[in-house]
Structures are given as C-alpha cells and as structure tokens.
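Visitor: Sending over a structure as structure tokens; questions will come in a sec.
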Amino acid sequence: MVLQAGPIPKHYQLTEILRHRILSGELHPGDRFPTEAELCRTFGVSRGTVRRAL
C-alpha cells in the first residue's frame, strides 16, 4: 500500500492508518508493532516519514 501524494502529508496519513489499526483491534496489546523498515516497505515511504508518524 503506497500512501497518496496530495494535500494531506504522508506522515499524517500513516499516523491515521496506524491509529485505525489499534482502535479497530487489528493490533492488540502485547502484539509486536511493525518495525520502521517494515512500515517503510508496506507503505512505500521513507524512514523519516515513518518516524514523524510515530
């Protein structure tokens, strides 16, 4: 999944996706959170973008 370029910054889009995964129960307490590298590959963004999102 590659994030969309546009008026909403990519780091904000990623923050909202991760927030949704937590609130929807897709990620549970105690689950391993994806690494920076995994998030970069999954969403097609740079490490800096991932760090800003987190």
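The values are calculated or read from the model by the stated rules, or taken from the named source; none is laboratory data. These numbers were taken from a predicted model, which means no experiment stands behind them. Don't worry about glycine lacking a Cβ; one is built from the backbone with ideal geometry, like all the others, and counts go over all protein chains shown.
Residues checked against (1) assigned to a loop (DSSP other than H, G, I, E, B); (2) of a type in the set (S, T, N, Q); (3) surrounded by 10 or more Cβ atoms within 10 Å (Cβ to Cβ):
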site: G6; (1), (2), (3): yes, no, no
site: H11; (1), (2), (3): no, no, yes
site: T15; (1), (2), (3): no, yes, yes
site: L18; (1), (2), (3): no, no, yes
site: R21; (1), (2), (3): no, no, yes
site: P29; (1), (2), (3): yes, no, no
site: R32; (1), (2), (3): yes, no, no
site: T49; (1), (2), (3): no, yes, yes
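Visitor: Another one. Mind listing just one residue for me: the one in segment 34-47 that is among the β-branched types (V, I, T) and part of a loop (DSSP other than H, G, I, E, B) and, of those, surrounded by the most Cβ atoms within 10 Å (Cβ to Cβ)?
Guide: V45
Visitor: Follow-up question, since we're still on this one. In contact with a Ser or Thr (Cβ under 6 Å, 6 or more places away or on another chain) and without any contact (Cβ under 8 Å) to a residue 60 or more places away in the chain: does that describe A5? Give the derivation first.
Guide: Working: in contact with a Ser or Thr (Cβ under 6 Å, 6 or more places away or on another chain): no; without any contact (Cβ under 8 Å) to a residue 60 or more places away in the chain: yes.
So A5 fails the test.
Visitor: Test each condition in (1) touching a His at 6+ places or on another chain (Cβ under 9 Å); (2) among the basic types (K, R); (3) modelled with pLDDT under 95 for R32 and report the one that comes out false.
Guide: Here R32 meets the rest and fails (1).
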